[in-house]
Amino acid sequence: MSQTLPGTIPASLFDACADSIADAARELSALGWTPATSSNFSMRVDADHAAITVSGRHKGRLGRHDIMLIDLRGHAVGSDARPSAETALHTQIYRRWPDMGAVLHTHSRTQSVASRLFAGKGLIRLQGWELQKAITGYDTHESVLEIPVFPNTQHMPELVARVEAWLDTGKPLHAYLIDGHGIYTWGRDMAETQRHLEALEFLLGCELDLIKLRAS
Ligand SMILES: [Zn+2]
């Protein structure tokens with residue numbers, strides 16, 4: 001894929017974002033959270049653009065040519081590559097929060113099972129876990145961290161609308177699950193976003209273990 005950049009975006013800036021995405025993707029793939037070319041990752045490049053993974057590539061082997069530039073309406077900029085099918089869920093975050101700098105979406109086994117198990121309730125309520133403090137803005141285990149579970153659909157505008165509807169209630173949102181699918185989370189930069197993702201994976205795993213142990 002050849003990527004032409006607008007004059008306002010230096011190659012060094014785009015390359016740094018692409019490398020950061022590829023590094024994160026390699027780590028997440030090694031953990032088994034991105035099976036079978038699933039998952040997608042992005043980083044804000046400037047106020048109007050983001051870098052995002054090209055659709056369908058193996059996430060453990062991404063290079064700069066597997067990352068493309070898009071505008072915040074999700075259109076390719078300077079290439080004819082096809083962005084991830086779920087690009088609208090990334091651009092929604094960047095449009096809504098100008099200070100958000102990275103979005104990670106993975107399909108781990110834990111995320112997938114938890115999404116099915118809690119889909120009926122529509123959310124997972126986390127409380128009492130020390131690791132909730134890994135989520136920016138949470139400074140005590142006593143806080144309540146709600147992760148909504150939205151129904152899966154191949155029609156992205158429907159999911160975008162569900163996210164908007166949650167936000168319009170005024171409740172905080174740091175991540176959401178999609179039923180039978182995976183998780184989305186974000187942060188101001190890649191490091192914060194990876195921390196959120198790792199914490200959420202751990203917390204979801206703990207909740208699933210508790211349910212199993214209580215049933216046995
Ligand atoms: Zn997905």
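Some values worked out for this structure:
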{"item": "Every residue from region 133-176 that is aromatic (F, W, Y) and in contact (Cβ under 8 Å) with a residue 24 or more places away in the chain", "result": "F150, Y176"}
{"item": "Tally of residues being away from the ligand (no atom under 16 Å from the Cβ) and surrounded by fewer than 16 Cβ atoms within 10 Å (Cβ to Cβ) across region 65-94", "result": "5"}
{"item": "Neighbours by Cβ (under 6 Å, 6+ apart or cross-chain): first from region 177-200, closer than 15 Å to S20 by Cβ and more than 16 Å from the ligand (Cβ to nearest atom); second at pLDDT below 95 and assigned to a helix (DSSP H, G or I)", "result": "R195/A134"}
{"item": "Qualifying positions in region 162-176 - hydrophobic (A, V, I, L, M, F, W, C), surrounded by 12 or more Cβ atoms within 10 Å (Cβ to Cβ) and more than 16 Å from the ligand (Cβ to nearest atom)", "result": "W166, L167, L173"}
{"item": "Whichever residue in region 184-208 is in a helix (DSSP H, G or I) and charged (D, E, K, R) and, among such residues, is surrounded by the fewest Cβ atoms within 10 Å (Cβ to Cβ)", "result": "R195"}
{"item": "From the options T153, T185, residue that is within 25 Å of D99 (Cα to Cα), under 19 Å from the mean Cα position of the chain (by Cα) and polar (S, T, N, Q)", "result": "T185"}
{"item": "Qualifying residues in region 28-61 (those that are within 16 Å of the ligand (Cβ to nearest atom) and closer than 17 Å to S2 by Cβ) - the one farthest from the chain's Cα centre (by Cα)", "result": "R57"}
{"item": "Unique residue being closer than 18 Å to A24 by Cα and surrounded by 14 or more Cβ atoms within 10 Å (Cβ to Cβ) when the list is K59, K133", "result": "K59"}
{"item": "Where a residue in region 15-33 is at positive phi and its partner, wherever it lies, is part of a loop (DSSP other than H, G, I, E, B), with Cβ under 9 Å and at least six apart", "result": "G32/S108"}
{"item": "Cβ-Cβ under 7 Å pairs, at least 6 apart or on other chains, region 49-78 side without any contact (Cβ under 8 Å) to a residue 24 or more places away in the chain and among the basic types (K, R), far side buried (at least 18 other Cβ atoms within 10 Å of the Cβ) and not in a loop (DSSP other than H, G, I, E, B)", "result": "R57/D66; R73/T91"}
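The values are calculated or read from the model by the stated rules, or taken from the named source; none is laboratory data. What you are looking at is a predicted structure, and each value in this text was computed from that prediction instead of being measured. Because the Cβ atoms are built from the backbone with ideal geometry, glycine has one as well, and the counts that use them run over all protein chains shown.
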